[in-house]
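Before any comments, here is the structure.
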Amino acid sequence: MNEIAQDVYVKNKNSSDKDDIFEVIRILRPGCTFSASLGGGIVHFEKFWDPNNLAPPTSEEIFKEMDYQKEYKEYYQYAYDRCTEYPDGFEQFDMLWHAINNGENLKDSEWFQSIKEVKEKYPKPNTNPPIRNK
(Lines give C-alpha, C1' and ligand atoms only; values in the text may rest on other atoms or scores of the structure.)
Protein backbone atom coordinates (compact mmCIF):
# COMPACT_ATOMS: atom_id res chain seq x y z
CA MET A 1 0.00 0.00 0.00
CA ASN A 2 1.50 3.34 -1.01
CA GLU A 3 1.16 6.38 1.17
CA ILE A 4 -0.20 9.63 -0.19
CA ALA A 5 0.95 12.44 2.07
CA GLN A 6 0.79 15.84 0.50
CA ASP A 7 -1.70 17.87 2.51
CA VAL A 8 -0.35 20.09 5.27
CA TYR A 9 -2.39 21.39 8.18
CA VAL A 10 -1.79 25.05 8.97
CA LYS A 11 -3.31 26.06 12.27
CA ASN A 12 -2.65 29.78 11.82
CA LYS A 13 -2.69 30.81 8.18
CA ASN A 14 -0.71 33.97 9.03
CA SER A 15 2.09 31.86 10.50
CA SER A 16 4.93 30.29 8.57
CA ASP A 17 4.96 27.50 11.18
CA LYS A 18 3.42 24.48 9.44
CA ASP A 19 2.93 21.10 11.05
CA ASP A 20 2.82 18.06 8.82
CA ILE A 21 -0.33 16.20 9.74
CA PHE A 22 0.93 13.00 8.20
CA GLU A 23 4.06 12.99 10.34
CA VAL A 24 1.82 13.30 13.40
CA ILE A 25 -0.16 10.25 12.23
CA ARG A 26 3.14 8.33 12.10
CA ILE A 27 3.89 9.44 15.67
CA LEU A 28 0.49 8.25 16.87
CA ARG A 29 0.57 4.99 14.90
CA PRO A 30 4.21 3.99 14.30
CA GLY A 31 4.60 1.65 11.36
CA CYS A 32 1.20 2.38 9.86
CA THR A 33 0.60 2.89 6.15
CA PHE A 34 -2.23 4.98 4.84
CA SER A 35 -3.65 7.26 2.24
CA ALA A 36 -5.55 10.24 3.57
CA SER A 37 -6.79 13.71 2.76
CA LEU A 38 -7.72 16.73 4.82
CA GLY A 39 -10.96 18.59 4.33
CA GLY A 40 -12.96 20.85 6.59
CA GLY A 41 -10.57 20.25 9.48
CA ILE A 42 -11.16 16.49 9.34
CA VAL A 43 -8.70 13.82 8.29
CA HIS A 44 -10.27 11.34 5.88
CA PHE A 45 -8.51 7.98 5.61
CA GLU A 46 -9.08 6.26 2.28
CA LYS A 47 -6.83 3.36 3.31
CA PHE A 48 -5.26 2.59 6.67
CA TRP A 49 -3.23 -0.33 7.99
CA ASP A 50 -1.58 -0.56 11.40
CA PRO A 51 0.83 -3.37 12.38
CA ASN A 52 -0.73 -3.42 15.86
CA ASN A 53 -4.27 -3.54 14.47
CA LEU A 54 -5.08 -0.11 15.91
CA ALA A 55 -7.80 2.00 14.36
CA PRO A 56 -6.81 5.17 12.53
CA PRO A 57 -6.34 8.10 14.90
CA THR A 58 -9.29 10.44 15.13
CA SER A 59 -9.02 14.03 13.93
CA GLU A 60 -9.27 15.07 17.58
CA GLU A 61 -6.29 12.85 18.51
CA ILE A 62 -4.29 14.19 15.57
CA PHE A 63 -4.92 17.87 16.31
CA LYS A 64 -4.27 17.33 20.01
CA GLU A 65 -0.90 15.74 19.18
CA MET A 66 -0.13 18.58 16.76
CA ASP A 67 -0.75 21.10 19.53
CA TYR A 68 1.55 19.13 21.83
CA GLN A 69 4.28 18.95 19.18
CA LYS A 70 4.05 22.71 18.63
CA GLU A 71 4.28 23.44 22.38
CA TYR A 72 7.22 21.03 22.66
CA LYS A 73 9.11 22.70 19.81
CA GLU A 74 8.44 26.17 21.20
CA TYR A 75 9.57 25.17 24.71
CA TYR A 76 12.86 23.62 23.56
CA GLN A 77 13.66 26.29 20.96
CA TYR A 78 16.08 27.86 23.46
CA ALA A 79 18.24 24.71 23.41
CA TYR A 80 18.41 24.68 19.63
CA ASP A 81 19.28 28.38 19.55
CA ARG A 82 22.02 27.86 22.13
CA CYS A 83 23.56 25.00 20.19
CA THR A 84 23.78 27.08 17.05
CA GLU A 85 25.70 29.83 18.85
CA TYR A 86 27.96 27.98 21.28
CA PRO A 87 31.56 27.74 20.10
CA ASP A 88 32.19 24.31 18.61
CA GLY A 89 33.55 21.58 20.89
CA PHE A 90 37.14 21.82 19.66
CA GLU A 91 37.18 25.57 20.23
CA GLN A 92 35.69 25.16 23.73
CA PHE A 93 38.34 22.58 24.70
CA ASP A 94 41.04 24.90 23.40
CA MET A 95 39.64 27.83 25.44
CA LEU A 96 39.52 25.61 28.56
CA TRP A 97 43.04 24.32 28.01
CA HIS A 98 44.42 27.86 27.70
CA ALA A 99 42.51 29.06 30.77
CA ILE A 100 43.80 26.15 32.87
CA ASN A 101 47.32 26.44 31.44
CA ASN A 102 47.38 30.17 32.30
CA GLY A 103 46.06 29.51 35.82
CA GLU A 104 42.91 31.56 35.24
CA ASN A 105 39.83 31.35 37.41
CA LEU A 106 37.49 29.48 35.06
CA LYS A 107 34.62 31.88 35.79
CA ASP A 108 36.77 34.69 34.43
CA SER A 109 37.89 32.72 31.37
CA GLU A 110 36.93 33.34 27.76
CA TRP A 111 35.31 29.90 27.72
CA PHE A 112 32.98 30.60 30.64
CA GLN A 113 32.11 34.09 29.40
CA SER A 114 31.25 32.85 25.89
CA ILE A 115 28.97 30.13 27.28
CA LYS A 116 27.37 32.52 29.76
CA GLU A 117 26.65 35.06 27.02
CA VAL A 118 24.77 32.49 24.93
CA LYS A 119 22.84 31.17 27.96
CA GLU A 120 21.75 34.70 28.85
CA LYS A 121 20.78 35.45 25.26
CA TYR A 122 18.58 32.32 25.11
CA PRO A 123 17.31 31.68 28.64
CA LYS A 124 15.64 28.43 29.58
CA PRO A 125 11.88 28.94 30.07
CA ASN A 126 10.73 29.40 33.67
CA THR A 127 7.86 26.98 33.08
CA ASN A 128 7.80 23.20 33.06
CA PRO A 129 8.12 21.45 29.71
CA PRO A 130 4.84 20.46 28.08
CA ILE A 131 3.34 17.13 29.05
CA ARG A 132 1.47 14.97 26.58
CA ASN A 133 -2.11 14.60 27.83
CA LYS A 134 -3.69 11.35 26.72
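The values are calculated or read from the model by the stated rules, or taken from the named source; none is laboratory data. The structure presented is a predicted model; accordingly, all values stated were derived computationally and were not measured. Cβ atoms come from the backbone with ideal geometry, glycine included; neighbour counts cover every protein chain shown.
Which condition number in (1) free of Cβ contacts under 8 Å to residues at least 12 places away in the same chain; (2) over 30 Å from residue 123 (Cα atoms); (3) hydroxyl-bearing (Ser, Thr, Tyr) is the one that residue 84 fails?
Of (1) free of Cβ contacts under 8 Å to residues at least 12 places away in the same chain; (2) over 30 Å from residue 123 (Cα atoms); (3) hydroxyl-bearing (Ser, Thr, Tyr), only one is false for residue 84: (2).
Restricting to the range 29-73, count the residues that are hydrophobic (A, V, I, L, M, F, W, C), over 18 Å from the mean Cα position of the chain (by Cα), within 21 Å of residue 133 (Cα to Cα) and at pLDDT 90 or above.
The qualifying residues number 2.
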